[in-house]
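The values are calculated or read from the model by the stated rules, or taken from the named source; none is laboratory data. Owing to the predicted nature of the structure, the values given are computational and were not obtained by experimental measurement. Every residue, glycine as well, gets a Cβ built from its backbone with ideal geometry; the counts of neighbours run over all protein chains shown. Protein only, heavy atoms only, side chains kept; ligands, DNA and RNA dropped before computing areas. Shrake-Rupley method; radii C 1.70, N 1.55, O 1.52, S 1.80 Å.
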Amino acid sequence: DIRMTQSPASLSASLGETVNIECLASEDIYSDLAWYQQKPGKSPQLLIYNANSLQNGVPSRFSGSGSGTQYSLKINSLQSEDVATYFCQQYNNYPLTFGSGTKLEIK
Amino acid sequence: EVKLVESGGGLVQPGRSLKLSCAASGFSFNDYWMGWVRQAPGKGLEWIGEINQDSSTINYTPSLKDKFTISRDNAQNTLYLQMSKLGSEDTAIYYCARGNYGSYDYWGQGVMVTVSS
């Protein structure tokens with residue numbers, strides 16, 4: 001199984017700040033990577049697919065980058081509604097696997 | 001509007017079986033892969049498996065392959081998850097989701113399954 005190591009586990013940032021969340025795959029996943037946002041008590045929502053493609057309706061302050069085994073999610077101009085847990089997911093190989101999540105809070 | 005609505009959850013005794021359903025609407029169900037993902041209380045997301053459009057290909061996470069069975073009825077626009085030999089470790093919220101070339105672009109609201117005597 002491909003292991004997805006996500007960091008940090010939690011993050012506290014101020015409104016308007018830029019934050020980065022990292023995801024490291026245990027082998028090359030050839031950009032077959034998605035990022036999801038899960039707000040408290042809600043189901044996950046797709047933000048990014050194919051490592052850097054923004055899902056329809058997602059604000060442009062979210063962006064994804066990376067290749068090979070290293071990927072990141074960047075959130076510019078942090079807003080209060082961005083408080084959530086963020087997960088990465090690889091779909092290069094079965095079984096599909098998720099990172100352990102990054103809980104983002106506002107300072 | 002794409003809508004996925006799970007049902008069939010609840011309290012079940014250890015060792016028993018349970019079948020979840022996911023009713024889809026707002027899109028052409030038989031054009032999409034569909035998947036199941038679960039989340040234990042306070043924990044992360046665990047992929048269970050997914051099924052292709054005509055049910056000819058079904059993939060599972062290895063640890064659940066012998067316990068869980070995914071199926072679909074395209075005429076009823078419904079996805080299913082049959083779970084057997086349930087244990088406390090299966091207590092979780094179960095989500096169905098629409099496949100998007102490997103990622104999942106729409107998710108249901110989830111259904112809670114609690115395994116306890």
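Taking amide H atoms as placed 1.01 Å from N in the peptide plane, list the residues 5 or more away in sequence, or in a different chain, whose amide H sits under 5 Å from that of B:Gly110.
B:Glu6, B:Cys96
Could you report region B:11-113's accessible area per residue, 1.4 Å probe, as an integer in Å²?
Value returned for region B:11-113: 44 Å² of accessible area per residue.
Peptide B:96-106: average number of partner chain Cβ atoms within 10 Å per residue?
Mean number of neighbouring Cβ atoms from other chains: 6.
So if I place +1 on the C-beta of Lys and Arg and -1 on the C-beta of Asp and Glu, and nothing else carries charge, what would the dipole magnitude of the protein assembly as shown be about its Cα centre? I want it in debye, nearest 20.
Around 500 debye, computed over the protein assembly as shown.
Please report, as a whole percent, how much of the solvent-accessible surface of region B:43-117 comes from carbon and sulfur atoms (probe radius 1.4 Å).
45 percent
Pop out a list of residues from region B:4-46 that are at least 50 Å² less accessible with all the protein chains around than in their chain alone; 1.4 Å probe, no ligands or nucleic acids counted.
Flagged in region B:4-46: B:Leu45.
Please give the Cα centre distance for region A:1-43 versus region B:7-54, rounded to the nearest Å.
So the separation of the two Cα centres works out to 23 Å.
Would you look at the GNM of chain B, springs on alpha carbons closer than 10 Å, and say which of B:Thr61, B:Thr91, B:Thr78 moves the most?
Between B:Thr61, B:Thr91, B:Thr78, it is B:Thr61 that shows the largest mean-square fluctuation.
Give me the compactness ratio for chain A, meaning the Cα radius of gyration over 2.2 N^0.38 Å.
Expressed relative to 2.2 N^0.38 Å, the Cα Rg reads 0.99.
What does the charge count near A:Val19 come to, summing +1 for each Lys or Arg and -1 for each Asp or Glu among other residues with Cβ under 10 Å from its Cβ?
Summing Lys/Arg as +1 and Asp/Glu as -1 gives -1.
Which links in B:Lys43/B:Lys65; A:Lys74/A:Lys107; B:Lys3/B:Lys67 stretch past 23 Å when you go from one Cα to the other?
B:Lys3/B:Lys67
Which whole-number value in Å² is the accessible area per residue of chain A, probe 1.4 Å?
46 Å²
Counting partner chain Cβ atoms within 10 Å of every residue's Cβ in A:52-58, what's the average?
1
In nanometres, what is the gap between the two model label sites at B:Gln109 and B:Asn77, each 7 Å from Cα along Cα-to-Cβ?
Rounded to a tenth, the inter-label distance reads 1.7 nm.
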